[in-house]
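In what follows, a single structure is set out as structure tokens and then discussed.
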Amino acid sequence: MTKKLIVIGAGMATGRMLETLVEAGAEYDITLINGEPRGNYNRIMLSPVLSGEKTYAEIITHDDAWYTEANITTRFGCFVDTVDRDAKTVKLHNGEVLPYDKLVFGTGSNPFMIPLPGHDLDGVIAYRDLEDTQRMMDLGPDHKCVVIGGGLLGLEAAAGMAARGVDVTVVHIMGHLMERQLDEAAGYLLRRALLDKGITVKCSANSSEILGEDGHVRALLLDDGTELPCDLLVMAVGIRPNVKLAQDAGLAVGKGIHVDDQMLTSDANILAVGECVEHDGAIFGLVAPLYDQAKVAAQTLMEQPAIFVQKELSTKLKVTGCDLFSAGDFADGEGREDIVFRDPARGVYRRLVIMDNMVIGAVMYGDTADSNWFFGLIRDKTDISDMRDTLIFGPAYQGGTPLDPLAAVAALPRDAEICGCNGICKGQIEDAIAAGASDLGAIKATTKASASCGTCTGLVEQVLAVTLGDDFIIPAAASMCGCTDMTHEDVRRMIKSQRLTSMPAVWQECGWKTPDGCPSCRPALNFYLLADWPLEYQDDPQSRFINERKHANIQKDGTYSVVPRMWGGITTPSELRAIADAADKYMVPTVKVTGGQRIDLLGVKGEDLPAIWSDLNAAGMVSGYAYSKGLRTVKTCVGTDHCRFGTQDSTGLGIKLEKTLHGAWTPHKLKLGVSGCPRNCAEATCKDIGIVCVDSGYQISIGGAAGMDVKETELLCQVPTEEDAILVIKAITQLYRENAKYLDRIYKWMAKVGLDWIKDRVAAERDALVERFELSQTIYRHDPWADHVQKQADRYQPLANLSLEAAE
Amino acid sequence: MTDWIDIAPLEDIPPRGARMIKTPLGCVAVFRTADDQVFALDNACPHKAGPLAEGIVHGTSVTCPLHNWVISLETGEAQGADEGRVATYPARVDGGRILLDRTFLQARSAA
Ligand code: SRM
Ligand SMILES: Cc1cc2nc3c(=O)[nH]c(=O)nc-3n(C[C@H](O)[C@H](O)[C@H](O)COP(=O)(O)OP(=O)(O)OC[C@H]3O[C@@H](n4cnc5c(N)ncnc54)[C@H](O)[C@@H]3O)c2cc1C
Ligand code: SF4
Ligand code: FES
């Protein structure tokens, strides 16, 4: 008698297995049971159905005629409830009991639903089957949808709905999209493409609750308090192998149903294929390995020898216009090297990870035409030593085209602003060149571009080079670091004009040659981004030098120094007592009066920092930022309070300035001095900004220094009131923040742009500069010590203490 | 046989960051790169024993906070013109946890 084969689940894996059995004419009496009310269809094509590029009819893989022809009995829309392995029967939900000789589990996976409050409201769905797809398609334009999960499924759902006019927001818990398949740079490009499709993307966002109204979803609440209204909420955060039935039947089950290389479960009459299995510790979420499993299972059923081997996998996203590809292992690691290629003009990013002369991983964005070739290299472990130099350009370019450093500039649109001072766009410069201007001088004369502060000179020259080709040779300018060919000034201008608000954005658009920068460009970029986009950009402690990361100065023996603020050099007996107590309590070896009118506690252990800060905070003191490229000290003299020559309240002004500028990050450190009269006891004329009080008002001068170079300040302006003085000083500080190169003190910056330019700008734009400064200060004017004590004190402790472990 | 000790969850170290762990024979720095690889090295720069855990992590290197030597996280070797090397220890991530090789501790106590 023909043996009876029962197959549970009409999914992608069992579909392929049945095809193989039928084609080989296997001698089985087959019954196919499926919970979904339909037969096998191409589940992965649900996304094109959702976006309207395909219809459901087009993605059916096996229709009724096929089953009839193949002589397969079908039971669709019917779940298997139990399996009795002793009796060798399965029991269906409708009560029917069917006997088997061989049984195959192909039950797939269940979408994982985060158990947030409200996850059981109507309108909260997963993305797994045709019913889910239909729910999304029914939504229609002018509705709002939130998708939780920025992985493959979530993004396909989002793009599909966006294509139908739905207002979609993607909420992703990680820092960049598809973090398991993509690195940051590719994640950035993907995000940009989705934004262009009108999709809102929120990364590093934590969902806290789903809000409902009359039993139906109304909004998603994030843990920062943001409410995202929605009519439908799709959770696409992952899948779990569907093992319940197998587990109840007593089969060996771990994360999935355990199978061996022949796809046999712990019961020799039962096989399993697809996402429900666990093979050699691995579970599966893409179809390629499932097809291999399906073939092996069919062969095992036909008693032919076969072995399932896990292979390299690759991922593509099925969203029109987002060409990305990732394969293999693209993490950094021992003995691994990166080859990175970026073509900002075309939005292309490619990264290959090489080990032992083989490609072991690849991430590509923008141009994935060669992805199969690269995937072949990974799969076949091809030795690439002979083509290493040109490898990254793909198979067609084995002759090699050099990377074009001007691509970024060539890619700029005509309305990209090049010269910020004079509001000159790239198009105007191109027009001037067309009208005959052939060098920088001519451009300056005809358009005024680069004629003011000059920081855009590099870009103007690059526009010349791009437009004139070989007729223009760019004078060599020092690039920011080995990671890029662009100068600090060029990069800064790109950040502003192209609205680059994250480091991966800068790396991509400015053609960085390393995956994630170096200790010389990262701190600079971190400053530029936070100065230019105070609201959008999140400060990155990992791109700061240790002193700024830990808010204390590291000493040569790895201890730290702690300097609390003494506003304007004024202190009180109780502050001094608290400092003395702290010095005793934390056994501070050295207490020193600094050159900046305050007290330094030197030699504090890293682990004690949060505790000593907390004590100083309790006595009303805050961080003195003695470690920062930011506001350091405002040195004052006693002024009218006590001195017989004092003309204005220099101490009071110093305190006001320190309190208002405190917390501001600047290109280099910023020191101020306020003297009560021209005798200048506060040495104001060798500070970055110096104020000398006179009878008629306040003389504000800038560009002093008394370190490696000694410079006297030069007069910026004289103002009549204290209020004016504070406004001018905020304005000049902001102008410095917005324009100077990282690590230029004011005097160095002034030597480049000229005092006259600074004077003009401060005079013309004082209030706007002050406004931007204040906006930034709403975020940065705070005490980092209190912050760290509260939120990350444990970061200062060892990650683990194994002293005891080893003693055992 | 490698005997792995569970140290801490991976997220206790920020990407491109490091934390220090104490052992009876000095401190070991555990690094996490941008793509979630972990490395364990002696927390003492071959130059003047600078605390490497406080450096800036870039690619698979760290730059020492004291005088900017660049140390490879993979080999412990100083890069470029500088010469020197710090000991490295097997480390890996499994199920979101950082694991270190127990034998390294013993090797250290034996030394
Ligand atoms: C603590 C202090 C010396 C003291 O005991 O008085 C000091 C200590 C350091 N100074 Fe200073 N400077 C101190 C006042 C000064 C002064 C005097 C002043 O501010 O009135 C100057 C000259 C004025 C000036 O800045 O123009 C000064 C010019 C420098 C320079 C040279 C800057 C320049 O642009 O030429 C550096 C190096 C740098 O910043 O790159 C420097 C760097 C340093 C560093 C941060 C070196 C470093 O990177 O580790 C020292 C940290 C020691 C530590 O571990 O805490 N220090 N340093 C003073 C702290 C003042 C404060 O309360 O915050
Ligand atoms: C929208 C979407 C897009 C995707 N895109 C891709 C892609 O681009 N590339 C890629 O490689 N993969 C993609 N996948 C993943 C791929 O679809 C799955 O890996 C594949 O479908 C799994 O096949 P399977 O046979 O294991 O399970 P499934 O195809 O899920 O089939 C399992 C079937 O078993 C039925 N079943 C479960 N329990 C019982 C029971 N007790 N009784 C009866 N029937 C039962 C279920 O109803 C279901 O129909 C995508 C998935 C989705 C949802
Ligand atoms: S003068 Fe030199 S040695 Fe003295 S504190 Fe300043 S940086 Fe250190
Ligand atoms: S101690 Fe590390 S570079 Fe000097």
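The values are calculated or read from the model by the stated rules, or taken from the named source; none is laboratory data. These numbers were taken from a predicted model, which means no experiment stands behind them. All Cβ positions, glycine included, derive from the backbone under ideal geometry; neighbour counts span all protein chains shown. Just so you know, the surface numbers come from the protein's heavy atoms only, side chains and all, with ligands and any DNA or RNA stripped out. Shrake-Rupley method; radii C 1.70, N 1.55, O 1.52, S 1.80 Å.
Structure notes:
- When B:R92 is tested against (1) within 16 Å of ligand 4 (Cβ to nearest atom); (2) open to solvent by 60 Å² or more (accessible area, probe 1.4 Å); (3) under 25 Å from A:D338 (Cα atoms), just one condition goes unmet, and that condition is (1).
- Unique match (being without any contact (Cβ under 8 Å) to a residue 12 or more places away in the chain and more than 10 Å from chain A (Cβ to nearest Cβ)) among B:A40, B:A49, B:A81: B:A81
- Filter result for A:V243 (farther than 18 Å from A:Y127 by Cβ and surrounded by 15 or more Cβ atoms within 10 Å (Cβ to Cβ)): yes
- Residues being more than 31 Å from the chain's Cα centre (by Cα), within 12 Å of ligand 2 (Cβ to nearest atom) and assigned to a loop (DSSP other than H, G, I, E, B) are entirely absent from segment A:110-125.
- Matching entry among A:A10, A:A65 (being part of a helix (DSSP H, G or I) and of a type in the set (G, A, S)): A:A65
- Restricting B:R97, B:R92, B:R85 to those that are of a type in the set (K, R) and touching a helix residue (DSSP H, G or I) at 6+ places or on another chain (Cβ under 8 Å) reduces the list to B:R97.
Here is a yes/no grid of residues against (1) within 16 Å of ligand 1 (Cβ to nearest atom); (2) more than 30 Å from A:K54 (Cβ to Cβ); (3) part of a loop (DSSP other than H, G, I, E, B):
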{"position": "A:G285", "(1), (2), (3)": "no, no, yes"}
{"position": "A:Y291", "(1), (2), (3)": "no, no, no"}
{"position": "A:T300", "(1), (2), (3)": "no, yes, no"}
{"position": "A:F308", "(1), (2), (3)": "no, yes, yes"}
{"position": "A:T315", "(1), (2), (3)": "no, no, no"}
{"position": "A:M364", "(1), (2), (3)": "no, no, no"}
{"position": "A:W373", "(1), (2), (3)": "no, no, no"}
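- Residue count, segment A:752-805 (criterion: within 14 Å of chain B (Cβ to nearest Cβ) and either touching a Lys or Arg at 6+ places or on another chain (Cβ under 7 Å) or in a loop (DSSP other than H, G, I, E, B) (or both)): 7
- Qualifying residue in segment A:683-697 (condition: open to solvent by 30 Å² or more (accessible area, probe 1.4 Å), in a strand (DSSP E or B) and not polar (S, T, N, Q)): no
- Test: residue in segment A:547-565 that is within 14 Å of another protein chain (Cβ to nearest Cβ), in a loop (DSSP other than H, G, I, E, B) and open to solvent by 50 Å² or more (accessible area, probe 1.4 Å): yes
- Any hit, segment A:158-181, residues being modelled with pLDDT under 90, open to solvent by less than 40 Å² (accessible area, probe 1.4 Å) and assigned to a helix (DSSP H, G or I): no
- Under the condition of being out of contact with any His (no Cβ under 9 Å at 6 or more places or on another chain) and facing chain A (nearest Cβ under 8 Å), the residues counted in segment B:59-74 number 6.
- A single member of A:D415, A:D404 is at pLDDT 75 or above, part of a loop (DSSP other than H, G, I, E, B) and within 29 Å of the chain's Cα centre (by Cα), and it is A:D415.
- Of all residues in segment A:291-341 being away from chain B (no Cβ under 14 Å) and acidic (D, E), the one that is least open to solvent (accessible area, probe 1.4 Å): A:D292
- Test result for B:I56, buried (at least 21 other Cβ atoms within 10 Å of the Cβ), in contact (Cβ under 8 Å) with a residue 12 or more places away in the chain, closer than 24 Å to A:C481 by Cα and facing another protein chain (nearest Cβ under 9 Å): yes
- Restricting segment B:1-16 to residues that are closer than 21 Å to B:T75 by Cβ and buried (at least 22 other Cβ atoms within 10 Å of the Cβ), the residue that is farthest from the other protein chains (Cβ to nearest Cβ) is B:I13.
- Those residues of segment A:99-112 which are surrounded by 16 or more Cβ atoms within 10 Å (Cβ to Cβ) and either at positive phi or not hydroxyl-bearing (S, T, Y) (or both), in sequence order: A:K102, A:L103, A:V104, A:F105, A:G106, A:G108, A:N110, A:P111
- Across segment A:505-521, the qualifying residues are those that are facing chain B (nearest Cβ under 10 Å) and surrounded by fewer than 24 Cβ atoms within 10 Å (Cβ to Cβ), and the one among them that is farthest from the chain's Cα centre (by Cα) is A:S520.
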